[in-house]
Every structure is written in C-alpha cells, then in structure tokens.
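For reference, the structure discussed in these notes is given below.
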Amino acid sequence: MKTNKLLYWTSTIIITGVFAWSAINFTLNEEMKNAFSHFGLPDWFRIELTIAKLLGAFALLIPGIPHKAKIFAYCGFAITLISAAVAHLSSGDSVLIEIGHSFFFASLIVSYVYYDRIRKEAHSLAKQSISLKVGL
C-alpha cells in the first residue's frame, strides 16, 4: 500500500504541478497568450482552460473530493493533453514538443491507475471491517 501511495502522489504532484503552472503561465506570460492565436483559438478559451486546469488540479490534490469529480478531472486532463498534441502538430510545431506531452500523459495514467488501486484497497478493507463487526 505504501508503494501505491508513493507512486500515486508522485505522479499526481507532477500532473497537478504541470497543469497549475500552465494555468498561471496562460495568465501571466504574454507569449503564452499569443500561442492561442497561433492555434487559431479565441482568447475566451484560454481563460476557460485556465480555470478548468486550476479546478482539476485542486480536485486531484484535495482528499475527500468526490470520486466522480476526480474522474472528471482525469478525463479533462487527458482531453487537454491530447488536444494540445493535436494543436501543436497541426500548426507545424516541432514533434519534440510531444515528448513532454507524452511524459505528462503517462504520468496522468500512472496517477489514475494508482488512485483506482488505493480506492479499491480502501473499499476492500472497509468491507472486511464491516463483515468482521457483523460477525460474518
């Protein structure tokens, strides 16, 4: 269980750190603001994506957030990473940019797999505890 938690938290901190940094960068860095026009995207989408990234990062980091909210954050991050790869590749940017996207996508998958394992272990332990109390 300790290994599962270590892998979960390491990968989750990588993902949430990247998305939080990205959200802040979208807001403060003029070059990043211009990247959206480079992709042909409107400025309101940059603002919307910034808010979504911050909310998703909080959803994954804060214990006690409902399971469905965490799953929604994982799905949103996966869509964001895939969309970023498509945007960069279709606009003629270097394929080397995709190394980062691939690493973060792999980290996202590791985070989700270990989130699911920890959740199932906790559910199993709770079930065993209840059956012991009831005397089954």
task = Considering only segment 1-37, state which residues are outside any helix (DSSP H, G or I) and either touching a residue at least 24 places away in the same chain (Cβ under 8 Å) or of a type in the set (A, V, I, L, M, F, W, C) (or both).
result = M1
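Conditions (1) under 30 Å from D93 (Cα atoms); (2) open to solvent by less than 50 Å² (accessible area, probe 1.4 Å); (3) of a type in the set (A, V, I, L, M, F, W, C); (4) more than 13 Å from the chain's Cα centre (by Cα), marked per residue:
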residue: T3; (1), (2), (3), (4): no, no, no, yes
residue: Y8; (1), (2), (3), (4): no, yes, no, no
residue: N29; (1), (2), (3), (4): yes, no, no, yes
residue: A52; (1), (2), (3), (4): yes, no, yes, no
residue: A73; (1), (2), (3), (4): yes, yes, yes, no
task = Within segment 59-89, count every residue that is over 21 Å from G40 (Cβ atoms) and out of contact with any helix residue (DSSP H, G or I) (no Cβ under 8 Å at 6 or more places or on another chain).
result = 7
For E48: the one exception among (1) exposed (fewer than 13 other Cβ atoms within 10 Å of the Cβ); (2) within 17 Å of I79 (Cα to Cα); (3) in contact (Cβ under 8 Å) with a residue 12 or more places away in the chain = (3)
message = Suppose we filter H101, H88, H123 for residues that are open to solvent by 70 Å² or more (accessible area, probe 1.4 Å) and in a helix (DSSP H, G or I); which single one remains?
response = H123
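Quick grid of which residues meet (1) modelled with pLDDT of 90 or more; (2) farther than 30 Å from L125 by Cα:
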residue: M1; (1), (2): no, no
residue: I13; (1), (2): yes, no
residue: I62; (1), (2): yes, no
residue: A69; (1), (2): yes, no
residue: H88; (1), (2): no, yes
residue: L96; (1), (2): no, yes
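The values are calculated or read from the model by the stated rules, or taken from the named source; none is laboratory data. What you see is a predicted model, and the numbers here were worked out from it, not measured in a lab. Methodologically, a virtual Cβ is constructed for each residue, glycine included, from the backbone with ideal geometry; neighbour enumeration extends over all protein chains shown. The area values use the complete protein model at the heavy-atom level, side chains included, leaving out ligands, DNA and RNA. Shrake-Rupley method; radii C 1.70, N 1.55, O 1.52, S 1.80 Å.
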